[in-house]
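**Q** Let me give you the structure first, and then I'll get to my questions.
Values quoted throughout were computed directly from the atomic coordinates according to the rules given, and no laboratory measurement underlies them. Everything numeric here is computed off the predicted structure, so don't read it as measured data. Because the Cβ atoms are built from the backbone with ideal geometry, glycine has one as well, and the counts that use them run over all protein chains shown.
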Amino acid sequence: MLCLVGAEKGGTGKTTLAVNLAAMCALAGHDTLLVDTDSQGSASIWSAARSEGGVSPEVICMSKHGKVGFDLAKLKDKFPRIIVDAGGRDSMELRQSMAVCDVMIMPFRPSQFDTWSLDRMVQLMRDIEERVGERVNAKAMLNAVSTNPQVTEEREMRGVLADYAEYFPVLWQAVADRIAFRRAARDGLCVTELKGPLHDAKASAEMAAIYQEVFSENFASTQKPSAAAA
């Protein structure tokens, strides 16, 4: 299964989502490949930090740029799970990944700037559909939402996204803006690997729910905790 994490707008937390899903797939026992198509290379840096820290299981990361579609299609025969991190812009890498993916997850922050990008995303999906003859299986998700229950931005953004459900229905689970994600990324971890005082049960539960919605299976790690995660 090739899961693309991408969107036309930058700054929505795509890399954070991609590396967490990749690590969780590996933890669940799936042979997993993380593909970094973003020129910033953040996913590659995260993978290197994981390898240097001796974290198990290793998450193999490969950088691909330009016309990536053919290579991704071939890699689907070798890896049961492929997570593609695409940069936040309309690019050849994003378009070609959309054309070959099994599912595309598009994170959106509950902000006006992200709202303004929705029509551009629809047009991009129409372009891909015209080219390949079928619509991209895309899902929107709300990312970095406020943990303050008094803030209504998440509900308001869901209302806006409801008008685009024909193109990208919204995942039920949202992910909050939690420091655990930044702490995990520093050491090449996903949030479910944080232990002791760094463990964030809410962040772990949110990602487990996202994992279940994306892959239609409950998340369960087959790995013993590593020293680097403790």
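**Q** List the chymotrypsin sites (Phe, Trp or Tyr not before Pro) within the range 104-193 that DSSP assigns to loop and that have no more than 14 neighbouring Cβ atoms inside 10 Å. Present the calculation step by step, with values, prior to reporting the outcome.
**A** On the way: sites: 108, 113, 116, 164, 167, 172, 181; in loops: 167, 172.
Loop-located and lightly packed - 172.
**Q** Under a plain spin-label model, where a point goes 7 Å from the Cα along Cα-to-Cβ, how far apart in nm are residue 223 and residue 156?
**A** With each label point 7 Å from Cα toward Cβ, the separation is 3.9 nm.
**Q** P(r) of the range 76-125 in 5 Å steps, Cα pairs, percent per bin?
**A** 4, 16, 28, 25, 14, 8, 4, 2, 0
**Q** Same structure again: So who's got an amide H within less than 5 Å of the one on residue 35, skipping anything under 5 residues away but keeping other chains? H placed 1.01 Å off N, in plane.
**A** Counting only residues 5 or more places away or on other chains, the set is 62, 83, 84, 85.
**Q** So, R0 is 22 Å and r is the distance between the beta-carbons of residue 122 and residue 92; what FRET efficiency does that work out to, to 0.05?
**A** On the way: r = 19 Å, r/R0 = 0.88.
Plugging the Cβ-Cβ distance into 1/(1 + (r/R0)^6) gives 0.70.
**Q** Turning to a different aspect of this structure: Keeping to pairs on different chains or 8 or more places apart, tell me how many lysine pairs in the chain have Cα atoms under 20 Å apart.
**A** Lysine pairs meeting the criterion: 11.
**Q** If each DSSP helix of 4+ residues adds -39,500 (n - 2.57) and the sum is divided by the residues in the chain, what number results at 222 nm, nearest 500 deg cm²/dmol?
**A** Values: 9 runs with 93 residues, N = 230.
It comes out at -12000 deg cm²/dmol, rounded to the nearest 500.
**Q** Grab the Cα-Cα distance for residue 148 and residue 113, subtract it from 0.36 nm times how many residues apart they are, and report the gain in nm with one decimal. Mind showing how you got there, number by number?
**A** On the way: separation 35, 0.36 × 35 = 12.60 nm, distance 2.05 nm.
Stretched fully, the residue 148-residue 113 segment lengthens by 10.5 nm.
**Q** Also: Taking amide H positions as placed 1.01 Å from N in the peptide plane, with prolines and chain starts having none, which residues 5 or more places from residue 141, or on another chain, fall under 5 Å of its amide H?
**A** Amide H neighbours of residue 141, under 5 Å, 5+ apart: 106, 108, 171.
**Q** Let me ask another. Where does the chain land on the Kirkwood hydrodynamic radius, alpha-carbon pairs, in angstrom? It would help to have the intermediate numbers written out before the result.
**A** Numbers: mean 1/r = 0.0567 Å⁻¹.
Averaging 1/r across every pair of different Cα atoms and inverting gives 17.6 Å.
**Q** For the range 95-230, I need the span (max minus min coordinate) of the C-alpha atoms along each principal axis, in Å, sorted largest to smallest.
**A** 49, 37, 24
**Q** Moving to a separate point now. For the chain, the longest stretch holding no GluC sites (Glu not before Pro) located in a DSSP loop with at most 12 other Cβ atoms within 10 Å is which? List each step's numbers first, then the result.
**A** Working: sites that count: 134, 166, 217.
The answer is 1-133.
**Q** List the trypsin sites (Lys or Arg not before Pro) in the range 15-85 that DSSP assigns to loop (not H, G, I, E or B) and whose Cβ has at most 13 other Cβ atoms within 10 Å. Which are they? Please list the in-between numbers first.
**A** Values: sites: 50, 64, 67, 74, 76, 78, 81; in loops: 64, 67, 76, 78.
Answer in residue order: 67, 78.
**Q** Which is farthest toward the positive dipole end of the chain among 83, 168, 49, measuring Cα position about the Cα centre, with Cβ charges +1 (Lys, Arg) and -1 (Asp, Glu)?
**A** It is 49.
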